[in-house]
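Student: I am attaching a structure below and will ask some questions about it afterwards.
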Amino acid sequence: MRRFSAESLLLSLPLAHPVGLPVSPSWCLRCEIMELREWGVVAGSFAVFQLLFSVASPWLSPALASGFNCLAPGKHTEWNSRLVSTIHALIVGLFCLYILWFDDAVNADPVWGDPSLVKLNVAITSGYLLYDLLLLACHWSTMGDSFFVCHHLAALYAYGYVLSRGVLPYFANFRLISELSTPFVNQRWFFEALSYPRSGNLVVANGVAMTLAFFLVRIAVIPSYYTKVAANFGTPAFARLGLGPQVAWILSSVGLDILNLIWMYRISRGLYKVLGRALGKAEGGCPEKRNHVPESHGNSHTD
C-alpha cells in the first residue's frame with residue numbers, strides 16, 4: 001500500500017490540514033504566524049540564556065555564594081553555565097508537567113494533537129541547546145564533553161520536526177521530563193567547586209536526591225514511554241508522519257536513552273563512593289580532606 005506523507009497530502013490539497021481535512025486560507029496564515037512565533041522563541045531563548053550567562057550570573061553569583069570570587073577564572077565560566085542550565089531546567093521541566101497534566105488535546109492524540117504549548121516548550125529548549133553548543137565550542141578545553149554534543153544534536157534533530165511540522169507533541173514533551181534531574185546534577189558540581197567535603201550532610205543528601213531524581217525522570221519512565229510508542233507504531237497516524245519524522249523519533253529516543261543509561265551508571269558509582277565515605281566517617285574513620293574539583297570536568301548539566 002502506498003504511504004502518503006504530510007507533505008504529499010498538502011500538495012494534493014492546497015488548503016489542507018496535515019491530516020487531510022480541508023480548511024480556510026486563514027488557517028494556513030495562522031500556521032505560518034505560529035511557525036514564525038516559535039522560531040522567534042528559539043532566537044529569543046538563545047539570546048536570553050546568553051544574557052543570563054554573560055551578565056546575570058556573574059552579577060548574582062557572588063551574592064548567592066561567597067566562595068564564587070575565590071574560584072579560578074576558568075571555573076567561573078562553568079559556574080555561570082550551570083546556573084543558566086538550572087534556570088532552563090526548572091522552566092522547561094515544570095512547563096512539561098503542566099502540559100502532561102492539563103493539555104487534553106496532546107494526551108488524547110500523542111501523534112497529531114494540538115502542539116501549540118509543546119512547540120513553545122520545545123522552542124525554549126532548542127534555543128537553550130543552541131546556546132549551550134556554542135558555549136561548549138568556545139570553551140571545549142575546560143567544558144567539552146562529546147556525550148553532551150551527541151545528546152544536544154540528537155535532541156535538536158528530533159525537535160526540528162516538532163517545530164516545523166507540529167508532529168509527535170506528546171512524545172516530544174515527555175522527553176523534557178528529564179530536565180527535572182538537572183538542578184541536582186548542577187548542585188553537585190557547585191558543592192565540588194566550593195570544596196564542600198564529599199561526606200558532608202548537604203553533599204550526601206544532594207547525591208541521594210540527584211540519583212533518585214535521575215532514575216525517576218530518565219530511567220523509570222522508559223517502559224511507559226516505549227509502551228506508548230508501541231501503541232502508536234504502525235497506526236494510520238504513524239504512517240502519515242512519513243519516513244523522516246519516524247526515523248527521527250525512534251533513533252533519537254533510543255540514542256538519548258542509551259546516553260541516560262550511561263549517565264545513570266556513572267551517577268550510581270559516584271553515589272556508592274560518597275555513601276561509602278560517609279559511612280566510614282560515621283564509624284570513626286579518618287576525617288576527610290576538603291575536596292577539590294578534579295582536573296577533568298565533564299559538562300554535567302543534562303537536558
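The values are calculated or read from the model by the stated rules, or taken from the named source; none is laboratory data. All values reported here derive from a predicted model rather than from experimental measurement. Cβ atoms come from the backbone with ideal geometry, glycine included; neighbour counts cover every protein chain shown. Surface areas here come from the heavy atoms of the whole protein model, side chains and all, with no ligands, DNA or RNA. Shrake-Rupley method; radii C 1.70, N 1.55, O 1.52, S 1.80 Å.
Student: Could you figure out which of (1) within 30 Å of residue 71 (Cα to Cα); (2) touching a helix residue (DSSP H, G or I) at 6+ places or on another chain (Cβ under 8 Å) isn't true of residue 205?
Tutor: Unmet condition: (2).
Student: Further question: In the list 26, 12, 57, 66, which residue meets the criterion of being more than 13 Å from residue 128 (Cβ to Cβ) and modelled with pLDDT of 95 or more? Explain how you work it out, then say what you get.
Tutor: Details: 26 fails: modelled with pLDDT of 95 or more; 12 fails: modelled with pLDDT of 95 or more; 66 fails: modelled with pLDDT of 95 or more.
Answer to the check: 57.
Student: While we're here: Since residue 141 meets every condition but one in (1) among the small types (Gly, Ala, Ser); (2) modelled with pLDDT of 90 or more; (3) open to solvent by 10 Å² or more (accessible area, probe 1.4 Å), which condition does it not meet?
Tutor: Among (1) among the small types (Gly, Ala, Ser); (2) modelled with pLDDT of 90 or more; (3) open to solvent by 10 Å² or more (accessible area, probe 1.4 Å), the lone unmet condition for residue 141 is (2).
Student: Return only the number of the condition from (1) part of a helix (DSSP H, G or I); (2) on the phi > 0 side of the Ramachandran plot that residue 234 does not satisfy.
Tutor: Failing condition for residue 234: (1).
Student: Only one of 97, 129, 136 is over 21 Å from residue 173 (Cα atoms) and at pLDDT 90 or above. Can you tell me which? Talk me through it step by step, then tell me what you get.
Tutor: On the way: 97 fails: over 21 Å from residue 173 (Cα atoms); 129 fails: over 21 Å from residue 173 (Cα atoms).
Testing whether each residue is over 21 Å from residue 173 (Cα atoms) and at pLDDT 90 or above leaves just 136.
Student: Which residue, of 155, 205, 209, is small (Gly, Ala, Ser), loosely packed, with under 14 Cβ neighbours inside 10 Å and within 29 Å of residue 78 (Cα to Cα)? Before the answer, list the steps.
Tutor: Values: 155 fails: loosely packed, with under 14 Cβ neighbours inside 10 Å; 209 fails: loosely packed, with under 14 Cβ neighbours inside 10 Å.
The match here is 205.
Student: Turning to a different aspect of this structure: I'd like the full set of residues that are open to solvent by 40 Å² or more (accessible area, probe 1.4 Å) and under 27 Å from residue 120 (Cα atoms), limited to the stretch 53-82.
Tutor: Residues satisfying the conditions are 54, 55.
Student: Sticking with this structure for a sec: So, residue 228, is that one within 23 Å of the chain's Cα centre (by Cα), at negative phi, surrounded by fewer than 16 Cβ atoms within 10 Å (Cβ to Cβ) and of a type in the set (D, E, K, R) or not? It would help to see each step written out before you state the result.
Tutor: Values: within 23 Å of the chain's Cα centre (by Cα): yes; at negative phi: yes; surrounded by fewer than 16 Cβ atoms within 10 Å (Cβ to Cβ): yes; of a type in the set (D, E, K, R): yes.
When the stated conditions are applied, residue 228 passes them.
Student: May I ask you to verify whether residue 146 is within 19 Å of the chain's Cα centre (by Cα) and polar (S, T, N, Q)? Spell out the reasoning first.
Tutor: Details: within 19 Å of the chain's Cα centre (by Cα): yes; polar (S, T, N, Q): yes.
Against the criterion (within 19 Å of the chain's Cα centre (by Cα) and polar (S, T, N, Q)), residue 146 qualifies.
Student: Within the stretch 187-200, is there a residue that is of a type in the set (S, T, N, Q), assigned to a helix (DSSP H, G or I), in contact with a helix residue (DSSP H, G or I) (Cβ under 9 Å, 6 or more places away or on another chain) and closer than 18 Å to residue 264 by Cβ?
Tutor: In the first step, residues of the stretch 187-200 are kept if they are of a type in the set (S, T, N, Q); the result is 187, 195, 199.
In the following step, the residues that additionally are assigned to a helix (DSSP H, G or I) were identified as 187.
Restricting the remaining residues to those that are in contact with a helix residue (DSSP H, G or I) (Cβ under 9 Å, 6 or more places away or on another chain) gives 187.
Still in the running and closer than 18 Å to residue 264 by Cβ: 187.
Looking through the stretch 187-200, at least one residue is of a type in the set (S, T, N, Q), assigned to a helix (DSSP H, G or I), in contact with a helix residue (DSSP H, G or I) (Cβ under 9 Å, 6 or more places away or on another chain) and closer than 18 Å to residue 264 by Cβ.
Student: Report, by residue number, each residue of the stretch 257-272 that is closer than 20 Å to residue 197 by Cα and touching a residue at least 24 places away in the same chain (Cβ under 8 Å).
Tutor: Taking the stretch 257-272 first, the residues closer than 20 Å to residue 197 by Cα are 266-272.
Residues satisfying the conditions are 267, 268, 270, 271.
Student: Moving on. Output the qualifying pairs, or none if there are none: Cβ atoms under 6 angstrom, residues six or more apart or on different chains, first residue in the stretch 105-120 and under 16 Å from residue 245 (Cβ atoms), second residue charged (D, E, K, R) and open to solvent by less than 30 Å² (accessible area, probe 1.4 Å).
Tutor: Note: pairs meeting the criteria are 119/38.
Student: Here is a list of conditions, (1) crowded, with 16+ Cβ neighbours inside 10 Å; (2) over 30 Å from residue 230 (Cα atoms); (3) at pLDDT below 95, and residue 88 meets all of them except one; can you say which number that is?
Tutor: It fails just one condition, (3).
Student: Restricting the search to the stretch 99-115, which residues are surrounded by 13 or more Cβ atoms within 10 Å (Cβ to Cβ) and part of a helix (DSSP H, G or I)?
Tutor: Initial filter on the stretch 99-115 (surrounded by 13 or more Cβ atoms within 10 Å (Cβ to Cβ)): 99-100, 103, 105-107, 109-115.
Correct list: 99, 100, 105, 106, 107.
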